[in-house]
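Any read-out appearing in this document is the output of simple, stated calculations on the displayed coordinates, not a laboratory observation. Fair warning: this is a prediction, and the values are worked out from it, not measured in the lab. Here the Cβ is made from the backbone with ideal geometry for all residues, glycine too, and neighbour counts use every protein chain on show.
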Amino acid sequence: MTELTKLGVKAIRDGVRAGDFTAREVAESFNSAVAAAAELNAFIVTTPDHALAAADAADKARADGKKLGAMAGVPIGMKDLFATHGVQTTAASHILEGFEPQYESTVSQNLWDAGAGMLGKLNLDQFAMGSSNETSYFGNVASPWRKDGTNAAMSPGGSSGGSSSAVAARIAPAATGTDTGGSIRQPAAFTGICGIKPTYGRCSRWGVVAFASSLDQAGPMARSVEDCAIMLGAMAGFDPKDATSLQMDVPDWEGALSADLKGKKVGIPKEYRMEGTDQAILDSWEQGKAWLKDAGAEIVDISLPHTKYALPAYYIIAPAEASSNLARYDGVRYGLRDLPEGAGLQDMYAETRAAGFGDEVKRRILIGTYVLSAGFYDAYYNQAQKVRALVARDFEQAWAECDVILAPTTPTASFPLGSLEDDPLTMYLNDVFAVPASLAGLPAMSVPAMLNSDGLPLGLQLVGKPFDEQTVLDAGLAIQQRAAFDHAPEKWW
Amino acid sequence: MSVDKQTVAKIASLARIKMGDDELEHLVPELNNILEWVEQLGEVDVEGIEPMSAVIPNRLRLRDDVIDADPKTAGGRRDDVLANAPAAEHGFFGVPKVIE
């Protein structure tokens, strides 16, 4: 029975359909694996009954001869940024501890409608602000990976670090993630799994705790490109409740998958060859080029001249939007209230927010408040929005020369938990390769390439044209087939 | 541009986050490091560039002018709305006395 936890989305779906095993057997196996992995701290709450109920529904539907959904029988982890009806939703913040939404987010509802079940709510960086999963009120998440010959706890990346840790540890076949400035791709790269952020607007943001609304986008994290294609198909779709939702059909990404890249041009942006990037990362990039060439693609050099400015622009735009979005946490409507004896309304706001938000969240709210304040708006926020336009224009011009872009996902492999905690700026630099695609709203994916000399996974990133998730997935598949990355972390938990 | 302790205190007050002296002093160099780093955006020639707020071309839609068109975002859900309130009283959100 433990073998079932080695299976991914496609294998589970197909096995349940064929009757090789029941969905209940699958759910029970993963529930046990989750219960035995408390040391990873990947979950904030577990919901074994939800997984079992969905599994029983899938088994019954099959017995009744009904058509099974795209995710029928697949239990998944749900990042604790998605509102789930009656199940605590915290964004990993004390300020939302105990919050039980009275509604279901569109993305999670879409997944349940497709037959998936929920193993639990996954830990993350608080309000998705972080790149290492060290800002959660509910404790750090540990990566299942360790450096060869050491026992130090490593970062699973962030903010979707509970998701990456769970999927890499085989305690969930797949998980939802959200990506504001790399929060799906960076943790996927750190843990040797796949993750795709679709075009901005593909997945509804309704019911997703807001961080930076012009950037936030949900996507799947799983161990193969096929699994990501299946799950993204189930998550995406037009939603009138989200004003920025794309009113477009969801393509059959899984059905159209092809690793044959003949006629495709792959752009290599010279500006991504940055100082401070590990040699092993640069080597994996070279290897990625060779793999895509082998798949029939033509490799072309391109230029994205404003790459260097994407990250500082992001660290104005995202905090600005966050400072506005997080104004809603006021101790009145939901979540924490801290009301000292005799205090008035204004004191209650300030006390509640002081007690409820973590340090990184406060830091970003203050930066956002500052850059939006009178006298600084033009110098900071407006300038950053103009730079954002230039970053997007760089990509538009690049599409005249190529169909998809290949780059590293991160400048380094995972680092030990705690090693960067006093150095926010160095932490931010971890997302230097991920943020440009976020600012431009483009589909982007990380796929595992190889292990470095420490035995830690390295990822490669593919960035596509707007709405062209297919080419991103196809190029990802071409890399997956050639990298044949079948490494799994050694179990220590 | 850089911030001093007084400025950080003012921003914290605008953001309605109570902060003690220690916290403010700790934040001054942290915020200045970040602000100094984002200064580099000033080097970029943005002549004639419109600031971008929406990345993917999309039009704002009009919905049908129907009351309670989607039950999930419709009215008549007072108990759901109040379900998570720290102090719900008589069908309202309770807050400390505002008017003396």
With +1 on the Cβ of every Lys and Arg and -1 on the Cβ of every Asp and Glu, the dipole magnitude of chain A about its Cα centre, in debye rounded to the nearest 20, is 560 debye
Name the long-range amide H neighbours of A:Gly459: under 5 Å, sequence gap of 5 or more, or other chain; modelled H, no Pro or chain starts.
-> A:Thr409, A:Thr410, A:Ala449
Return the loop-located trypsin sites (Lys or Arg not before Pro) in the range B:1-75 (DSSP other than H, G, I, E, B) with at most 12 other Cβ atoms within 10 Å of their own Cβ; answer none if there are none.
-> B:Arg59, B:Arg61, B:Arg63
Within the protein assembly as shown, what percent of beta bridges assigned by DSSP are antiparallel, to the nearest 5?
-> 70 percent
Can you give the three extents of the C-alpha atoms in the range A:349-480 along their principal axes, from longest to shortest, in whole Å?
-> 52, 39, 22
Would you work out which of A:Ala384, A:Thr426, A:Ala400 lies farthest towards the positive end of the dipole of the range A:360-493? Charges go on Cβ: Lys and Arg +1, Asp and Glu -1.
-> A:Ala384
Please find the FRET efficiency linking A:Asn151 to A:Ala484, where r is the Cβ-Cβ separation and R0 is fixed at 30 Å, and quote it to the nearest 0.05.
-> 0.60
Exercise: per-residue mean of other protein chain Cβ atoms within 10 Å, A:334-346 = 3
Please determine, in degrees from 0 to 90 and to the nearest 10, the orientation of helix B:5-14 with respect to the longest principal axis defined by the Cα atoms of chain B, where the helix direction is its Cα long axis.
-> 10 degrees
Additional length obtainable on full extension of the chain from B:Lys10 to B:Arg59, 0.36 nm per residue less Cα span | 13.8 nm
Could you work out, residue by residue across A:120-126, how many beta carbons of other chains sit within 10 Å of that residue's beta carbon, and then give the average as an integer?
-> 0
Hull shadow area, averaged, chain A [alpha-carbon convex hull, nm²] | 22.4 nm²
Under a point spin-label approximation (7 Å from Cα along Cα-to-Cβ), what is the B:Gln40-A:Trp493 distance to one decimal in nm?
-> 3.5 nm
All-pairs Cα distance distribution in the range A:307-380, expressed in whole percent, bin size 5 Å | 3, 16, 21, 20, 16, 11, 7, 4, 1, 0, 0
State, to one decimal in nm², a quarter of the convex hull surface area for the C-alpha atoms of the range A:368-434, i.e. the direction-averaged projected area.
-> 6.5 nm²
Choose one of A:Gly237, A:Pro251, A:Gly276: the residue whose Cα lies farthest towards the positive end of the charge dipole of the range A:214-276 (beta-carbon charges +1 Lys, Arg; -1 Asp, Glu; about the Cα centre).
-> A:Gly276
Given a cut-off of under 8 Å on Cα pairs at least six residues apart, what relative contact order in percent is computed for chain A?
-> 18 percent
Within 10 Å of the Cβ of an average residue in A:381-390, the count of other chain Cβ atoms is 6
Taking the range A:69-191 as the region of interest, what is the percent of Cα-Cα pairs per 5 angstrom bin, listed from the shortest bin to the one with the maximum distance?
-> 2, 13, 21, 23, 20, 13, 5, 2, 1, 0
Fewest-first sequence of A:Val432, A:Val107 by Cβ atoms within 10 Å of each Cβ = A:Val432, A:Val107
Which lysines have a Cα lying under 26 Å from the Cα of B:Lys97, excluding residues fewer than 8 positions away in the same chain?
-> B:Lys10, B:Lys18
Chain B: calculated mean residue ellipticity at 222 nm from DSSP helix runs of at least 4, using -39500 (n - 2.57) | -10000 deg cm²/dmol
Hits among lysines - C-alpha to C-alpha of A:Lys241 under 21 Å, sequence gap 8 or more where chains match | A:Lys79, A:Lys197, B:Lys72
Helix B:21-38 sits at what angle to the longest principal axis of chain B, using alpha carbons and giving 0 to 90 degrees rounded to 10?
-> 70 degrees
Could you list the residues of the range B:27-61 with an amide nitrogen less than 17 Å from a label point located 7 Å from the Cα of A:Met274 in the Cα-to-C-beta direction?
-> B:34-44
Be a star and scan the range A:412-454 for residues whose amide nitrogen sits under 19 Å from the point 7 Å along the Cα-to-Cβ vector of B:Glu25.
-> none
